[in-house]
Every structure is written in C-alpha cells, then in structure tokens.
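Okay, so here's the structure we're looking at.
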Amino acid sequence: MRQLSEQEFALIHARLKSLNIRYIEVYEEIFDHYCTTLENVPALDSQTTIAKLNETFACSVVKNMDKELEKSVSKQVWIAQLEFLKFWKHGVKGILIGLVGFFALAISILLIPASELILVFLVLIFCTTGGIYFMKRDAMNFSFQHKSVSVSSIAVIKRVGLLNSLMCWIWIMPIVLSGGNILSNNFFAIGMAVATILSIIYSISLIAVASRLPKSTLL
Amino acid sequence: MSNNNLIKGSLQTIILKLLEENEKMYGYEITQRVKELTAGEIKITEGALYPALHKLEAEGLLSTEIQQVDNRVRKYYSLTKDGQKQVTSKMSELQGFVENLQRILTPDLKPGFNI
C-alpha cells in the first residue's frame, strides 16, 4: 500500500466536485473508494485507475447513489419520528412535559378569541420551524456554487418545508375564500387548534430526530 | 461472469453473509472480498453496492461507524442484531432458489439435491 500524492488527491477532488454530488456522505464514501483503490495500485497505473474509477462512478451512478441514500435516510427519519411519538417510552418526565404543553394550548384556545388564535398558532409553528432550520442550518446554501450537504439535514428540512406549505394552505385558503369572516367561526378555531397541535407534535418529533442526527462536514 | 443482473437479486444476501463472517467492512473491502472469493468471476459494481448498503442500513439490518483514516473518513458497516437474525433466513432463501434453479436447468437432478 502506498501513500497518495497531493496531485492525486487534487485530481480526485476535482473529479468529485465536477459531479456535483448532492450529499456529503456519498462524496466521502466515493472519495474513500478512490483513495483505497489507488493506494493498492502502483503509482505508474494511477492515471488509468482514475480513468476506470471515473467510469465506475459516472454521473448517472452518483446521482442514483444520492437518490437511494436520500430514500434510505428519509425512511430512517420517519422511523425515528414514529419512535419519538411513542410518548410512553419517554418516562414520567416526557409524559409530564407533553401534558403541560397540551394544557397550555387548551387553556390558550379557551381564553383567546378565535380571531386572534391564528396569531398564537402561527407564532408556535414559526418557533418550532425556526428551531429546526437553525439546528440544520448546515444544509442551507445561499451561494451559487455547488455545495455537498448532509443528507439527514436535508431530510429534516424537506419535511419542515412540506409541513409549512400544508399549514399555509390550511390557514390562508379558508380565510381568503371567506373574506376573513371564518375567523369568528368557532368550528374553524377548533380545526385550527387540532391542526396546530398535530403540526407542533410533528415539528417537535423532527427537532428531537434532528438533534440526534450526526452533523457531517467535508474534511 | 459478466451479467450483473444475475447478482442483483442476491446482492443483499452476499453483503449480509460477508458481514457475518467479518465483524465490520467498508465498501471497497466488500468488492475486493467478493472478487477474491470468486477468483474475479463475480465483480460487484459500486453503483449497486453502495445503494444496497444504504438500504440495508435504513432497514435496520446494518449499523455504521465512521473512522478517520489518514486525511479522510471511512464508513464501516456491521450487522445489527436484526441483521444477524436475517442472515440465516436470507441464506436459506437464496440456497432454496439456487436449488430450484438447478432443477430447472438440469431436470435429471434428483429432488433434495444440495449445492
């Protein structure tokens, strides 16, 4: 086994970067594969080996790896969320926190007028969503340059995005369609409460999952 | 053997079996081990191997461990308890399939033939 030269490392990185690999985990696994393969061949065969590896890890193969990893991690996140929702597994402390939250919400529904409840609910939703975005900020890229990101962070962020869109439809559409009159309707307020409770439980389960997921960064 | 389609259906079983024999392995190591065991007759394509590993991990049959090797990270895969249980059933499933295939290809073979 030999040590790779700086030039070889640069060649591998250049190739992998040109593939626009979406996830850090895929990037690292392919990078290790390239390095280990090259370490086991003489330096003279380096160029031909890299060419062969480039064929093996063609763009379509890498895209498929990205896609499959995303599917697998998405499944893992969902399983972890379901596991988190089994409140009886969190012990007395978990059950008490859940009950306090539930009663706080129930009291606010009873005391605050229906027309103002939407604000309370939106604040709650934005707080939990903001928390998730903050925890998984490594997945966000505001530059025009491609950046590989952590697959688990993307899986969590995508779910929050989906939840936000869904909540917007649930809140805004009936208000727009009724010209705001629906805000004084008690049934709508109860509907809002149920949707908010579900949304918050979903978001909290995502926060719990997100906090347990490892943060991947490229070396 | 160049036909990768024949390997595809049994790839997960191959991975589980190899991991049963070796405590933990990484992607490159698995491809090399298969090549070595079959004298180069079977080559697992990396494009199929890594998604299969990720799928097995998502199903809870494999666990992973990241180790720093020189200036990079290496992902090691090992069997979980569920994975260990699955190896036996997957192996007998595959052996049964190969037996039946053998019967189709060579009908003169007596039932109960074992490979």
ask   = Roughly how much accessible area, to the nearest 100 Å², goes out of reach of solvent when B and A pair up, both sides summed, probe 1.4 Å?
value = 2000
ask   = Which one of A:HIS13, A:TYR202, B:THR88 is farthest out on the positive end of the charge dipole of the protein assembly as shown, using unit charges on Cβ (Lys, Arg +1; Asp, Glu -1) and the Cα centre as origin?
value = A:TYR202
ask   = Given 0.36 nm per residue, what is the gain on full extension from B:GLU36 to B:GLN68 after removing their alpha carbon distance, in nm?
value = 8.9 nm
query = So how tilted is helix A:114-135 from the main axis of chain A? Cα-based, degrees 0 to 90, rounded to 10.
reply = 20
ask   = Rounded to the nearest 500 deg cm²/dmol, what is the calculated helix-only ellipticity per residue at 222 nm for the protein assembly as shown, with -39500 (n - 2.57) per DSSP H run of length n ≥ 4?
value = -23000 deg cm²/dmol
Between region A:135-203 and region B:35-61, the alpha-carbon center distance in angstrom = 39
request  = Taking just the C-alpha trace of region B:4-105, give me its Rg and Dmax in Å.
outcome  = 14.2, 52
task = Using a Gaussian network model of chain A whose springs link C-alpha atoms within less than 10 Å, name the residue from A:LYS89, A:LYS158, A:LYS147 with the highest mean-square fluctuation.
result = A:LYS89
request  = Report, in degrees rounded to the nearest 10, the 0 to 90 angle that the Cα long axis of helix A:186-212 makes with the longest principal axis of chain A.
outcome  = 30
note = The helix A:91-111 Cα axis meets the longest alpha-carbon principal axis of chain A at an angle in degrees, between 0 and 90 and rounded to 10, of 50
message = Starting from 0.36 nm per residue, how many nanometres of slack lie between A:ILE175 and A:ASP138 once their C-alpha separation is accounted for?
response = 9.8 nm
note = Surpassing 19 Å at the alpha-carbon level, of the pairs A:LYS67/B:LYS17; B:LYS8/B:LYS75; A:LYS71/B:LYS35; A:LYS63/B:LYS55; A:LYS75/B:LYS8; A:LYS17/B:LYS55, are A:LYS67/B:LYS17; B:LYS8/B:LYS75; A:LYS71/B:LYS35; A:LYS75/B:LYS8; A:LYS17/B:LYS55
key: Mean separation of Cα contacts under 8 Å (6+ apart) over length of chain B, as relative contact order %   = 26
note = Taking only protein heavy atoms and a 1.4 Å probe, the highest-to-lowest accessible-area order of A:ARG22, B:ARG72, A:ARG212 is A:ARG212, A:ARG22, B:ARG72
Exposure ranking of A:SER18, A:SER148 by accessible area [1.4 Å probe, largest first] = A:SER18, A:SER148
message = Please list A:ILE197, A:ILE107 from largest to smallest accessible area, probe radius 1.4 Å, with all protein chains kept in place.
response = A:ILE107, A:ILE197
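The values are calculated or read from the model by the stated rules, or taken from the named source; none is laboratory data. Predicted, not measured: the structure shown is a model, and the values here were computed from it. Every residue, glycine among them, receives a Cβ derived from its backbone with ideal geometry; neighbour counts consider all protein chains shown. Surface accessibility is based on the protein's heavy atoms, side chains included, excluding ligands, DNA and RNA. Shrake-Rupley method; radii C 1.70, N 1.55, O 1.52, S 1.80 Å.
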